[in-house]
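Structure record follows, encoded as structure tokens.
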Amino acid sequence: MRVTYFGHSCFRIEIPGSPAVRLVFDPFLSENPHGAVDPATVPCDYVLCSHAHSDHCCDALDLARLHGATIVAPYELAEHFAAQGAKVIDLMPGGGVNLPWGRIQMTPAIHSSALELPGGENRSMGVPGGYLVRAGGRTIYHAGDTALFGDMTLIGRHGLDLALLPIGDRYTMGADDAIEALTLLHPRLAVPMHYNTFPPIQADPQAFATRAQQAGHNVRVMAAGETMAL
């Protein structure tokens with residue numbers, strides 16, 4: 001399994017198989033300050049959007065149209081994409097779908113979810129979420145934008161190979177709460193996300209990694225564009 005980080009909260013997971021399956025989480029590519037990426041160069045089969053804020057879903061439709069991908073999103077956001085012709089899987093927290101290659105399950109997240117429309121209007125798009133993906137004998141948790149919450153213990157109860165956690169503070173967990181989250185989740189490996197993209201979410205990922213490792217957790221800081229094997 002290969003994990004590529006595009007910066008902010010955007011990752012691609014490549015699951016080996018016949019055929020291989022490629023998942024893009026929180027697609028923020030063409031407008032990403034960490035380094036803009038043309039969605040045409042990111043082939044994928046599924047696009048998982050944790051919520052409706054533009055820095056988590058702005059390239060979802062382009063990826064769906066360019067690559068024939070299916071968008072996975074909370075119900076109201078999925079309906080918004082379906083109305084524009086996309087193939088969708090609509091979920092709500094706690095629910096999931098079994099697919100030929102594995103399972104996608106939506107988890108709770110404590111945040112908000114609104115489309116930012118021209119003219120400054122925010123249109124509510126239901127609830128935010130995170131995702132558990134089980135495939136190829138591995139389990140990955142993408143937390144989305146969230147605060148720390150005690151039920152992370154339940155999310156990690158069957159074991160996690162990888163947890164992708166926000167550390168940028170202000171709108172999500174900061175480093176202190178992200179370390180607490182690791183204590184609840186117990187992943188084999190964690191990667192920080194959602195930091196240093198905009199001025200309000202400045203954070204030092206290396207300092208977070210050091211403190212987390214001192215607390216007994218395995219953390220890897222990934223650079224935008226970097227790929228690792230899991």
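Scanning segment 71-87 for residues that are under 17 Å from the mean Cα position of the chain (by Cα) and crowded, with 20+ Cβ neighbours inside 10 Å returns 71, 72, 73, 74, 77, 78.
Answer yes if at least one residue in segment 189-198 is of a type outside the set (Asp, Glu), in contact with a Lys or Arg (Cβ under 8 Å, 6 or more places away or on another chain) and assigned to a loop (DSSP other than H, G, I, E, B), and no otherwise.
Just the residues of segment 189-198 that are of a type outside the set (Asp, Glu), to begin with: 189-198.
From what is left, the residues that are in contact with a Lys or Arg (Cβ under 8 Å, 6 or more places away or on another chain) are 189-191.
The next check asks that each one be assigned to a loop (DSSP other than H, G, I, E, B); those that pass are 189.
Yes - at least one qualifying residue is present in segment 189-198.
Just one residue in the set 63, 165 is part of a strand (DSSP E or B) and of a type in the set (A, V, I, L, M, F, W, C); that residue is 165. Screening the candidates 226, 180, 116 for the property of being in contact with a His (Cβ under 8 Å, 6 or more places away or on another chain) and charged (D, E, K, R) yields one hit, 116.
Checking each residue in segment 169-185 for being closer than 15 Å to residue 211 by Cα and of a type outside the set (A, V, I, L, M) picks out 174, 176, 177, 180, 183.
Name every residue in segment 35-56 that is without any contact (Cβ under 8 Å) to a residue 12 or more places away in the chain and within 18 Å of residue 109 (Cα to Cα), in order of residue number.
Looking only at segment 35-56, we keep the residues that are without any contact (Cβ under 8 Å) to a residue 12 or more places away in the chain, and these are 36, 38, 41.
Within segment 35-56, none qualify.
Among the residues in segment 101-108, are any in a strand (DSSP E or B), at negative phi, touching a residue at least 12 places away in the same chain (Cβ under 8 Å) and surrounded by fewer than 16 Cβ atoms within 10 Å (Cβ to Cβ)? Yes, segment 101-108 has at least one match. Between 145, 151, the distinction of being out of contact with any Ser or Thr (no Cβ under 7 Å at 6 or more places or on another chain) and either hydrophobic (A, V, I, L, M, F, W, C) or in contact (Cβ under 8 Å) with a residue 40 or more places away in the chain (or both) belongs to 151 only. Kindly indicate whether residue 171 is buried (at least 19 other Cβ atoms within 10 Å of the Cβ), farther than 20 Å from residue 133 by Cα and either free of Cβ contacts under 8 Å to residues at least 40 places away in the same chain or not polar (S, T, N, Q) (or both). Taking the combined requirement at face value, the residue does not satisfy it. Against the numbered list (1) part of a loop (DSSP other than H, G, I, E, B); (2) under 17 Å from residue 140 (Cβ atoms), residue 94 comes up short only at (2). Looking only at residues in segment 19-69 that are of a type in the set (Val, Ile, Thr) and surrounded by 24 or more Cβ atoms within 10 Å (Cβ to Cβ), the one that is nearest to residue 1 (Cα to Cα) is 24. Among the residues making up segment 65-123, those that are farther than 24 Å from residue 163 by Cα and of a type in the set (Asp, Glu) are 76, 79, 116, 121. Given the structure, is residue 41 modelled with pLDDT of 95 or more, at negative phi and over 18 Å from the mean Cα position of the chain (by Cα)? Taking the combined requirement at face value, the residue satisfies it.
The values are calculated or read from the model by the stated rules, or taken from the named source; none is laboratory data. Since the model is a prediction, treat every value here as computed from it, not as a measurement. We place every Cβ from the backbone using ideal geometry, glycine too, and count neighbours over all the protein chains shown.
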